[in-house]
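Read the structure below first, then the notes.
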Amino acid sequence: MTPETVSTDAARDALHALRQEVGKAVVGQDAAVTGLVVALLCRGHVLIEGVPGVAKTLLVRALARGLTLDSKRVQFTPDLMPGDVTGSLVYDTRGAEFSFRAGPVFTNLLLADEINRTPPKTQASLLEAMEERQVSVDGVGRPLPDPFLVVATQNPVEYEGTYPLPEAQLDRFQLKLTMPLPERDEELDIVGRHAAGFDPADLAAAGVGPVAGAAELAAGRDAVRRVTVAEEVLGYLVDVCRATRGSAAVSLGASPRAATALLAASRAAAWLAGRDYVTPDDVKALARPVLRHRLRLRPEAELDGVGADGVLDGVLGAVPVPR
Ligand SMILES: Nc1ncnc2c1ncn2[C@@H]1O[C@H](COP(=O)(O)OP(=O)(O)O)[C@@H](O)[C@H]1O
Ligand SMILES: [Mg+2]
């Protein structure tokens, strides 16, 4: 199917269906699921943070199964080398020359699992490919497929044996999604599904199947480009970003690039919700995932336990909302 054959409504239906497919495997975690769909529409990369065992890996595996896109998963271990991600030149004895063997980054959806368990050099090879959408080996740039989306997972940085991602490069992720521990009723649902035979290793048996692909994403992206933003709502978005710079707990606030990322995410969320215009609530809903990893907090604030989300809650509570 070419993008032209998919209507806007069909594209939106397909992406809602994608959420339902994911829901066959993952209980709750709605904000993370929505964030992933928003990122697909924005060509944005995603970082997912959560303690072990909250279904970070399961969520991305289910998403990949719900899409008719090529996907690969790389477990980032302490001994993973840059070439294990990007690929490398191999010597072909028959032809007596070097040829490029493409690494797993040459895919549409890459699950970079536990990215902070691997040393900085290997992280950097992925971060560079994310930014440039190509891999340079031996002076030759090799373009990555389109769409190309990285979903990286990590444990909170206070875990032992982790290499925190370089702060200056965190904004290559459009969104940072956090997956909390489930509420009691959700946990009962999780355990109940397992009691009824759910096997997270066998998503096919759980009925998770492909419902959306490149055509739907292309049509969705076209429609998102037509979502309008009123002058007052743009003003609100800019004021939210600017207010992060004035916060006492923050040493480096959101950049203008962060503001444009927030605009893109808000438009995608508006379209997913069935509107062709952005509301202040769209901006509010996306401000935490778009901005939380782009603020540098003062050491005093970290000591006081004020996290980025706390700062953003304060900002969202203080900036006047247009009506
Ligand atoms: N919200 C959830 N919905 C469904 N299963 C869950 C959920 N949270 C945890 N689980 C169960 O716990 C397992 C741990 O998931 P996993 O994706 O490996 O976690 P993580 O990658 O966050 O360490 C899942 O395979 C599933 O059996
Ligand atoms: Mg995992």
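The values are calculated or read from the model by the stated rules, or taken from the named source; none is laboratory data. It should be emphasised that the depicted structure is a prediction, and the values quoted were computed from it without experimental measurement. Reconstructed Cβ throughout: ideal geometry from the backbone, glycine too, with neighbour counts over all protein chains shown.
Quick notes on this structure:
Yes or no, residue by residue, for (1) within 13 Å of ligand 1 (Cβ to nearest atom); (2) within 12 Å of the chain's Cα centre (by Cα); (3) crowded, with 21+ Cβ neighbours inside 10 Å; (4) at pLDDT 95 or above:
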site	(1), (2), (3), (4)
Gly28	yes, no, no, no
Leu36	no, yes, yes, yes
Ile48	yes, yes, yes, yes
Pro52	yes, no, no, no
Ala64	yes, no, yes, no
Asp70	no, no, no, no
Val74	no, no, yes, yes
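- A single member of Thr122, Thr162 is out of contact with any Gly (no Cβ under 8 Å at 6 or more places or on another chain), more than 23 Å from Ser71 (Cα to Cα) and polar (S, T, N, Q), and it is Thr162.
- Subset tally (residues that are under 30 Å from Asp9 (Cβ atoms) and in contact (Cβ under 8 Å) with a residue 24 or more places away in the chain) for the stretch 247-281: 19
- Single residue of the stretch 152-172 satisfying the filter (acidic (Asp, Glu) and modelled with pLDDT under 80) that is farthest from the chain's Cα centre (by Cα): Glu160
- The stretch 67-99, residues that are without any contact (Cβ under 8 Å) to a residue 24 or more places away in the chain, aliphatic (A, V, I, L, M) and at negative phi: Val90
- Residue count, the stretch 257-281 (criterion: on the phi > 0 side of the Ramachandran plot and in a helix (DSSP H, G or I)): 0
- Annotation note: of Pro104, Pro78, Pro119, Pro82, the sole residue that is assigned by TED's automatic domain parsing to the domain that holds Gly50, at pLDDT below 95 and under 28 Å from Cys42 (Cβ atoms) is Pro82.
- Summed over the stretch 261-317, the residues that are among the acidic types (Asp, Glu) and under 18 Å from Leu175 (Cα atoms) give a count of 4.
- Check on Glu183, away from ligand 2 (no atom under 16 Å from the Cβ) and in contact (Cβ under 8 Å) with a residue 60 or more places away in the chain: yes
- Condition met for Leu177 (buried (at least 19 other Cβ atoms within 10 Å of the Cβ) and assigned by TED's automatic domain parsing to the domain that holds Ala32): yes
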